[in-house]
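Every read-out reported here was derived from the displayed coordinates using simple, explicitly stated rules and does not represent laboratory data. Quick caveat: nothing in here was measured; it's all calculated off a predicted structure. For neighbour counting, all protein chains shown are included, and Cβ atoms are generated from backbone atoms with ideal geometry for every residue, glycine included.
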Amino acid sequence: MRAAGSLCLGLLFAVAVGLEFCYHRSQQLSAFLQEVHKKHPDITALHSIGQSVAGRDLWVLVLGRFPTQHTIGIPEFKYIANMHGDETVGRELLLHLIDFLVTNDKSDPVVTRLIDSTRIHIMPTMNPDGFEAATVLDCYYSEGRFNKKGKDLNRNFPDAFNSNNFTIQPETQAVINWIKSETFVLSANLHGGAVVASYTFDNGNPATGSLQGYSRCPDDDVFIHLAKTYSSNHASMYKGTECGNKTVFPDGITNGYAWYPLQGGMQDYNYIWGQCFEITLELSCCKYPPASQLQAFWNDNKAALIEYIKQVHLGIKGQVLDRNGQPVPNVIVEAKGREHVCPYRTNQHGEYYLLLLPGIYVINATAPGYGSILKTLQVPNGPGNFSALKYDFVFPEASTTGGDASCPTKPLYLNFESISAAVKPTLHFLALMTVLYTVFK
């Protein structure tokens, strides 16, 4: 066993001359983020969403023209890395992404438009305690994966398919509270140990196709697009064969369940309860590679990291308003045929965001107690214009207090007959159940 080497020596040296390609300890990471915010207060905000078991801050740097608060019509995006403390590449990539964005604002047109049109949240480490404890055994095995209490944070979120009775860890609870406090639309969490883009569902049951080895969500086409967007813009992920004799991934992507079932994962929680599409990015065959390789990892991932952020502008966005133009919260707004387990609802500003590929969709806005409005919309390629299609719904009789925003917290897929009444069976769902009944009766 050997301790991880190639750690950064100075605290602020990197800030003065350009971010160094080395592993930054917690104190160095904090100092770098604070210095970035100090130098760029107009486009950054820095805050801690909570503390780890050992009391280390869980820092988030926010970038945008209005970084300190949500702006109506500006989607919220997030990157999270180092959820497993010994999977270290993503931690450093996000520091370099921050450096790249603040350095190139107003000079690079793509970076400038991203910051103009998006509020970008970056958490370089979700598990600082694990990172500080990490030691390298060999390429595929290391210590430091778990948090200070020995828990795997990517098995620690509420799960819609199983009753996972465990204690929510401080790091997990901080992220859950963070998700609830923002209107995140798109996200990715950065891991290591393979090179592939994995997408929801990570868990499943027969109704989602798990008996066929693939757990399909209502927005499967969007998730495939998101995963391919990253893999095709990565230097080699799209090849699907990066880690020797390990699993081959066509196009460099995989459905999470098809790879291996995972209970209590963060990406399923984001999609089901957070109204946020999240994928998992595995970025290195070795979990904790030598620091001498970090610059190559940055070169391989830079374009993909930027292109993926642009996908937050897919689909449709808008507000639900009453007759006086006041926003109506808690209105269900979903595309027909894509109803979610937890219905997607407008936020306190009456806003909705639906990630959809270009095409024609029927959008159903339902204000509880006031009926529904159906609107057929043709969705263009939003990322190309750095803006989703905007459409506002108006309910003349709706109340600005909105309806009930509650969503069941018990496992929702164990018995589809008891699913939330707000989610009506679709023709696709009924056809799927018919096929399953025919095959397994």
Legend entry - Using θ = phi - 60° and Karplus 6.51 cos²θ - 1.76 cosθ + 1.60, couplings along the range 279-285 (whole Hz; Gly, Pro as x): 10, 10, 10, 8, 10, 7, 4
Inset, instruction - Give a quick list of trypsin sites (Lys or Arg not before Pro) in the range 114-152 that DSSP marks as loop, anything other than H, G, I, E or B, with at most 10 other Cβ atoms within 10 Å. - result: none
Legend entry - Potential lengthening between LEU7 and GLU397 on full extension [0.36 nm per residue; Cα-Cα distance subtracted]: 134.3 nm
Legend entry - Cβ-derived FRET efficiency at R0 41 Å, CYS285 paired with ARG323, nearest 0.05: 0.10
Inset, instruction - Might you report the magnitude of the Cβ-based charge dipole of the chain about its Cα centre, with Lys and Arg at +1 and Asp and Glu at -1, to the nearest 20 debye? - result: 240
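Rank-order 226-232, 281-287 by packing density, defined as the average count of other C-beta atoms within 10 Å over each peptide's residues, highest first.
Details: 226-232: 21.9, 281-287: 24.0.
Ranking the peptides 226-232, 281-287 by packing returns 281-287, 226-232.
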Legend entry - Average silhouette area of the range 131-204, convex hull of alpha-carbon atoms, in square nanometres: 6.5
Inset, instruction - Whole number please: convex hull volume per residue, Cα atoms of the range 316-404, in Å³. - result: 92
Inset, instruction - Putting +1 on Lys and Arg Cβ atoms and -1 on Asp and Glu Cβ atoms, find which of HIS47, PHE166, SER107 reaches farthest to the positive end of the dipole of the chain. - result: PHE166
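Work out which helices of the chain, taken as complete DSSP H runs, extend at least 18 Å along their axis over the Cα atoms and score a mean Kyte-Doolittle of -0.5 or more, then list them. Each step should come with its number before you reach the end.
Working: long enough: 26-39 (20 Å, -0.73); 89-104 (22 Å, 0.96); 220-233 (20 Å, -0.29); 294-310 (24 Å, -0.16); 427-440 (19 Å, 1.93).
Answer set is 89-104, 220-233, 294-310, 427-440.
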Legend entry - Long pairs among LYS336/LYS390; LYS38/LYS228; LYS39/LYS317, criterion Cα-Cα beyond 28 Å: LYS38/LYS228; LYS39/LYS317
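If you average 1/r over all unlike Cα pairs in the range 190-250 and invert the result, what Kirkwood radius do you get in angstrom? Show your work: numbers first, answer last.
Working: mean 1/r = 0.0786 Å⁻¹.
Kirkwood hydrodynamic radius for the range 190-250: 12.7 Å.
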Legend entry - Tail weight of P(r) past 38 Å, computed on alpha-carbon pairs of the chain, percent: 20
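Which peptide among 177-185, 320-328 comes first, and what is the full order, when sorted by highest mean count of other Cβ atoms within 10 Å?
Working: 177-185: 18.3, 320-328: 16.3.
Packing proxy ranking, top to bottom: 177-185, 320-328.
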Inset, instruction - Please report, in whole Å, how far the alpha carbons of the range 233-309 spread along each principal axis, starting with the longest. - result: 39, 29, 23
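Would you mind getting me the FRET efficiency between TYR260 and SER232? Use the beta-carbon distance for r and R0 = 41 Å, nearest 0.05.
Numbers: r = 24 Å, r/R0 = 0.58.
Efficiency computed from Cβ-Cβ geometry: 0.95.
Is the shape of the range 108-238 rounded, prolate or oblate, going by the alpha carbon gyration tensor and its root eigenvalues a ≥ b ≥ c, with a/c under 1.5 for rounded and a/b larger than b/c for prolate? Numbers along the way, then the final one.
Numbers: a/c = 1.32, a/b = 1.09, b/c = 1.20.
Cα axes put the range 108-238 in the rounded bin.
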Inset, instruction - Please give the residues of the range 246-281, grouped as numeric ranges, whose backbone N is less than 12 Å from a label point set 7 Å along the Cα-to-Cβ vector of ASN164. - result: 261-270
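If Lys and Arg each add +1 and Asp and Glu each add -1, what is the summed charge of the other residues whose beta carbon sits under 15 Å from the beta carbon of GLN319?
Here the count lands on +2.
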Legend entry - Lys, Arg +1 and Asp, Glu -1 on Cβ, resulting dipole of the range 316-404 about Cα centre, debye, nearest 20: 240
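What length, rounded to one decimal in nm, is gained on full extension from THR103 through to VAL362, with 0.36 nm per residue of separation minus their alpha-carbon distance?
Working: separation 259, 0.36 × 259 = 93.24 nm, distance 4.17 nm.
Between THR103 and VAL362, full extension yields 89.1 nm more.
At 0.36 nm per residue, minus the direct Cα-Cα distance, what do ASP221 and ALA54 gain on full extension? Give it in nm, one decimal, please. Spell out each step's value before the answer.
Values: separation 167, 0.36 × 167 = 60.12 nm, distance 4.08 nm.
Length difference between fully extended and current span is 56.0 nm.
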Inset, instruction - Report the relative contact order of the chain, percent, no decimals, based on alpha-carbon pairs under 8 angstrom and at least 6 residues apart. - result: 15
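Restricting to bridges with both residues inside the chain, how much of the DSSP beta-bridge set is antiparallel, in percent to the nearest 5?
On the way: 38 of 63 bridges.
Antiparallel: roughly 60 percent of the beta bridges in the chain.
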Inset, instruction - Extending each Cα 7 Å along its Cβ direction at ALA296 and THR241, get the distance between those two points in nm, one decimal. - result: 1.8
